[in-house]
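All of the numbers you see were taken from the coordinates with simple rules; none came from a lab. This is a predicted model, so every value here is computed, not measured. So basically every Cβ, Gly included, is an ideal-geometry build from the backbone, and we count neighbours across all protein chains shown.
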Amino acid sequence: MIQANLKYTILYGRLSQEDERDGESNSIQNQRLMLEKYATDNGFENILFLSDDGYSGTNFNRPAWKELMNLVENNEVATIIVKGMSRLGRDYLLVGQYTEMIFPSCGVRFIAVSNNVDSLYGDNDFTPFVNLFNDFYAKDTSRKIRSVVKSKAERGERVATRAPYGYKKDENNPKSKIVPDEDVTPIVQRIFSLCVEGKGPTQIANQLNKEQVYSPGYYYYIKTGIILTNVDVTRPYAWSSACIADILENEVYLGHTINLQYTTLSYKNKKRIERPKSEHLRFENTHEPLITKEIWDIVQDIREHKKRRTNMEEQDMFSGLVRCIDCGEVMTLHRAHTIAAVKNNFMCSTYRKRGKEKCSSHYLREIHLAAIVLDDLLRVTHFARQQEALFIQYINRKNNAETRREIERLQRELVLMRRRHTELSTLFKRLYEDNVLGKVTNEQFRMLSGDYNAEQKSLKESIPQTAERIEELQTSISNVTRFIDKVKRYTEINELSGELLNVFIEKIEVGERAERYSRTAEQEIVIHYRDIGVVGAFAEEAEKIAEQQQRQTA
């Protein structure tokens, strides 16, 4: 058989990861040898072999297949030969569309050797059934793989195919272990540090782009040669705010493994969708962390109170930290290019949005707040550094008393909420029985059941939140040593910065002046330090503690 030289005989092979488990018979090399022998024995000429290695049969977005179809559309293909119908694909609808509509309309002869399919000799009545069975096979294989992945995930093994940015696969155990990637670990750590300094994801992304740091997608490309979806290799520094936000919120950098975070719509549609957090599986300390728990907690607190966009050159270093002591809302900083920096001032956001009927202004200039906070920070860190033992004793005594009272209050609330949740279940059951027996009308049933369901839904949200808060308080009692460690790291504090504020301070509450509209009247400012809470007149308390210790010694 002699064909026109201008048209190709395409020998096409495909192998998925699942097919590799069936042995060598399906390998790309084996397919090529078989197809070349078949083409030679049957007199086909102008042969071109194309293959896709590692692509599922339900996915027709394959590089070699797209190249093949471009040739078909350009009328450059006379014949397509595959080992079997399953090598073409495992989606019976798409395979049928190609073999019964597209190929005939383009004048392309199609041959599937092992299935005895040859379009030159008419339709094969069994071909649709073969396609259907191949589709069933793909569906069953997908179900089995999902089951295997779920079992591995439940055992705490890593199920992701790629190591996250900042890590690489362990050479000794590449399937389930990851280790820090020395080339990009400093970049991950710097991203967290920049966030602690007060920069938002967009600012961090802009800075990395300006410094020409390779983006995660491009770094993966230069390491493996694989181009990930939506990665433009012509733009190596394409950092985005979404990418930075994903890094800042990924617990993998704490050394934890979070499995079953994502799934796909179906075995045919591979679009990734996020699972509900209730379905995530969390395993702690599975690999070496890149950041400390202290930095993680600070960053998550900052992320929870996301920075407001600003048109000024510098981000407000107090952003998210200053709050109204009366309504609890954030104090917004008013500044503009048209006013002097010394006149920048904080004002209650509730007052600005809803007026004096809801709250008052709580006006405070930025320079005055900065001076007060710096002075108090120097005072507290000085005592913590110079009188460490007394400071620890004072903080533990203060925190233990305050925290115990708060824990006891929350525990009482938790008991009442759980009791009410149980009562609502019983009430709803009785209401249903009364409705069936005719003691309660349908209208009354709908009204009461709606109220019960709404209350029960609210309790379902409140109960875990309260339990989590109790756990946080129980673990916060002994955090004074963590505060001391930070004091020892920051030995020279000359001026305030976003980093210092976020490392040491949890929030700053500002009260209204004793005499409204007066610039000299007293104004309450309460500084809440991370790990230790509010530090009062420590010097006086320290003297009392010292005197008590002297009396006990005597």
Counting only residues that are small (Gly, Ala, Ser) and within 19 Å of the chain's Cα centre (by Cα), which one in segment 168-223 is surrounded by the fewest Cβ atoms within 10 Å (Cβ to Cβ)? Ser193
Being under 30 Å from Thr466 (Cα atoms), small (Gly, Ala, Ser) and out of contact with any Phe, Trp or Tyr (no Cβ under 9 Å at 6 or more places or on another chain) narrows Ala371, Ala401 down to just Ala401
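Any residue at all in segment 476-483 that's closer than 24 Å to Phe504 by Cβ, touching an Asp or Glu at 6+ places or on another chain (Cβ under 9 Å) and not in a helix (DSSP H, G or I)?
Yes, because at least one residue in segment 476-483 is closer than 24 Å to Phe504 by Cβ, touching an Asp or Glu at 6+ places or on another chain (Cβ under 9 Å) and not in a helix (DSSP H, G or I).
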Give me the pairs: first residue in segment 282-305 and touching a residue at least 24 places away in the same chain (Cβ under 8 Å), second residue of a type in the set (Ser, Thr, Tyr), beta-carbon distance under 7 Å, and six or more apart or on different chains, which are they? Phe283/Thr257; Thr286/Thr257; Pro289/Tyr253; Leu290/Thr185; Leu290/Tyr253; Ile291/Tyr253
Residue under evaluation Thr234, criteria (1) in contact with a helix residue (DSSP H, G or I) (Cβ under 8 Å, 6 or more places away or on another chain); (2) more than 14 Å from Arg190 (Cβ to Cβ), criterion not met: (1)
